[in-house]
Amino acid sequence: MRDLLPEEAEALRFTEQTAREIARLYGYREVVTPIVENYELLAAKIGEENRKRMYVFEDLGGRKVALRPEFTASVARLVATKMQSTPKPLRLFSVGSLYRYDEPQFGRHREFWQANYEIFGSKRPEADVEILFLTNDFLGKIGLKNYTFKIGHVGILRGILDREKIAEEKQNSIMQLLDKKHWEDATRLVKEASASQECVEDLQSLFEIRGKNLENLVVEIGEIVKPYPEAFEALENLRAIIDLLLKGGADFEIVLEAGFARGLEYYTGLIFEVYVREMAQALGGGGRYDRLIELFGGGKTPAVGIAHGLDRLLLALQKQGNLPKVPVTKRVLVIPVRDEMLGEAFKVSSILRSAGICTEVEVAGRSVSRALSDADRKGFTYAVIIGSKEIAEGKVVLRDMERRIQEVIDVDELPARFKA
Ligand code: AMP
């Protein structure tokens with residue numbers, strides 16, 4: 001886990017602010033869920049790989065709890081319990097830190113941050129498409145360039161495995177291997193689960209299908225999955241999503257990979273991840289999960305969502321030489337000429353802050369000249385010097401640090417001056 005120094009913390013908060021702005025524009029209302037939750041809830045559908053990496057402990061009340069490794073389980077719990085009767089479709093946003101005992105490396109840490117958007121109560125392709133458009137708008141607004149969406153459909157793979165009567169547990173293990181691109185190992189597991197030779201070959205052909213010509217690829221997949229009615233139905237859903245994306249004017253790069261799976265076990269439909277050439281790891285990932293709310297005791301509530309890795313996004317922006325620039329604000333240092341003027345310095349600083357101006361008071365008792373050279377070094381835009389003669393007349397000395405000129409002005413005029 002890392003410490004974030006001021007510049008890093010500011011950059012992270014900037015990404016959060018942008019994520020919030022996108023949430024506002026799309027009508028996703030923020031919810032705040034706890035960092036510590038019941039272990040069983042968090043572990044239920046997180047997938048074997050992530051389950052092993054959870055921070056699990058017993059609290060003083062003897063409950064088995066864990067630090068949240070993702071948001072979806074918590075938000076789904078909320079929807080299944082306290083928001084059951086909230087009208088659907090329901091759009092929710094969450095942002096904050098998550099914890100996984102991953103092997104630390106570039107772009108992978110044990111504490112990381114996500115912005116998470118989920119839409120509940122629609123099983124229609126337009127909900128999936130909204131999440132993709134929202135993702136594109138967020139990435140664009142944050143300044144990311146040349147990113148690619150990798151998409152797939154869990155329903156197609158599970159539809160085939162279901163017809164072969166492969167148990168859900170086994171299917172989950174197969175998905176974990178596919179997530180890691182271990183296609184041969186996944187095929188071996190399928191064979192071990194006594195799938196037919198025909199099914200093994202069909203899956204092997206599917207794993208080969210990837211590319212940008214979406215409409216043609218859908219036709220190719222269709223040829224393979226024809227004998228599997230559930231997989232074919234899932235493909236129809238993928239076709240509808242792609243159609244709507246193209247009709248809706250999607251101008252971002254999309255690569256379809258028929259053998260693509262994700263580690264989280266709750267997915268049932270479309271899945272996707274975002275990549276840039278400069279980094280091997282995904283910057284964000286999401287998909288459709290239509291049965292999680294029911295699993296948590298809620299009514300039938302289809303859902304689709306996306307989680308953006310905020311700190312990883314910052315690394316991608318840095319690689320692209322496009323780190324967000326936190327806007328420079330006017331900063332003022334108020335310097336009393338002598339200690340007797342400190343009280344007046346606080347009064348003036350309070351007038352400035354009330355007007356919304358970032359103001360610091362000299363608190364180290366330095367002479368005016370030393371305080372000014374420090375203000376120079378730290379990039380203050382102005383200094384306000386409080387001398388006894390001036391303040392007796394309701395005036396102060398205002399120094400423009402950049403232009404190195406100063407003038408005597410009325411205290412009352414100060415706020416207007418900075419606004420200008
Ligand atoms: P997931 O919840 O696994 O779908 O991850 C969604 C996104 O969270 C990923 O695409 C990453 O951007 C980010 N992420 C996941 N794990 C980590 C990690 N250990 N360190 C940094 N970012 C992560």
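Every number in this text was worked out from the coordinates using simple rules, so none of it is lab data. Keep in mind the model is a prediction, meaning the values are calculated, not measured. So basically every Cβ, Gly included, is an ideal-geometry build from the backbone, and we count neighbours across all protein chains shown.
Pull up the DSSP beta bridges for the range 331-419 and report the antiparallel fraction as a percent, rounded to 5. The antiparallel fraction comes to roughly 55 percent. In this Cβ point-charge picture (+1 for Lys and Arg, -1 for Asp and Glu), the chain has a dipole of about 820 debye about its Cα centre. Computed from backbone phi, the HN-Hα couplings of the range 337-350 come to 5, 9, 4, 4, 8, 4, x, 5, 4, 5, 4, 5, 5, 5 Hz, rounded to whole numbers (Karplus: 6.51 cos²θ - 1.76 cosθ + 1.60, θ = phi - 60°; Gly and Pro given as x). Helix 214-225 and the longest principal axis of the Cα set of the chain meet at an angle near 30°. Here the Karplus relation 6.51 cos²θ - 1.76 cosθ + 1.60, evaluated at θ = phi - 60°, turns the backbone of the range 16-22 into coupling constants of 4, 5, 5, 4, 5, 5, 5 Hz, with x for every Gly and Pro. Near the amide H of VAL255, within less than 5 Å, lie the amide hydrogens of PHE149, LYS150, ILE151, all on another chain or at least 5 residues away, with H placed in the peptide plane. Taking other C-beta atoms within 10 angstrom as a stand-in for reagent exposure, HIS153, HIS308, HIS182 fall in the order HIS182, HIS308, HIS153, fewest first. Most tightly packed first, judged by the mean number of other beta-carbon atoms within 10 Å of their residues, the peptides 36-44, 252-260, 192-200, 117-125 read 117-125, 252-260, 36-44, 192-200. The long axis of helix 197-208 is offset from the longest Cα principal axis of the chain by roughly 30 degrees. Calculate for the chain the 222 nm mean residue ellipticity that helices alone would give, adding -39,500 (n - 2.57) per DSSP H run of length 4 or more and normalising by residue count, nearest 500 deg cm²/dmol. Value at 222 nm, helices only, nearest 500: -13000 deg cm²/dmol.
Residues whose amide H lies under 5 Å from that of TYR266, counting only those 5 or more places away or on a different chain, are absent; hydrogens are built 1.01 Å from N in the peptide plane.
Annotation: amide H of ILE209 within the under-5 Å range of ALA258, GLY259, sequence separation 5 or more or interchain, hydrogens built in the peptide plane. In order along the range 94-102, the phi-based Karplus estimate (6.51 cos²θ - 1.76 cosθ + 1.60, θ = phi - 60°) of 3J(HN,Hα) comes to 9, 8, x, 9, 9, 9, 9, 7, 7 Hz; Gly and Pro are listed as x. Evaluate the Debye formula for the chain with equal point scatterers sitting on the alpha carbons, no solvent, and hand back log10 of I(q)/I(0) at q = 0.06, 0.07, 0.10 Å⁻¹, in q order, two decimals. Debye output, listed in q order: -0.36, -0.47, -0.77.
Exposure proxy shown here: for TYR55, TYR228, the number of other Cβ atoms within 10 Å sets the order, fewest to most, as TYR55, TYR228. The simple Förster model, with R0 at 51 Å and r as the Cβ-Cβ distance, assigns ASP243 and SER367 a FRET efficiency of 0.10.
Positive-end ranking of GLY61, GLY211, ILE131 along the dipole of the range 6-319, with charges on Cβ about the Cα centre, is headed by GLY61.
In straight-distance terms, cross-link reach from LYS82 covers every one of the lysines whose alpha-carbon lies under 16 Å from its own, apart from those fewer than eight places away in the same chain; here that gives LYS300. Determine the percent antiparallel among the DSSP beta bridges restricted to the chain, to the nearest 5. For the chain, the DSSP antiparallel bridge percentage is about 80.
With respect to the chain, whose longest principal axis is taken over its alpha-carbon atoms, helix 125-142 is tilted by about 30°.
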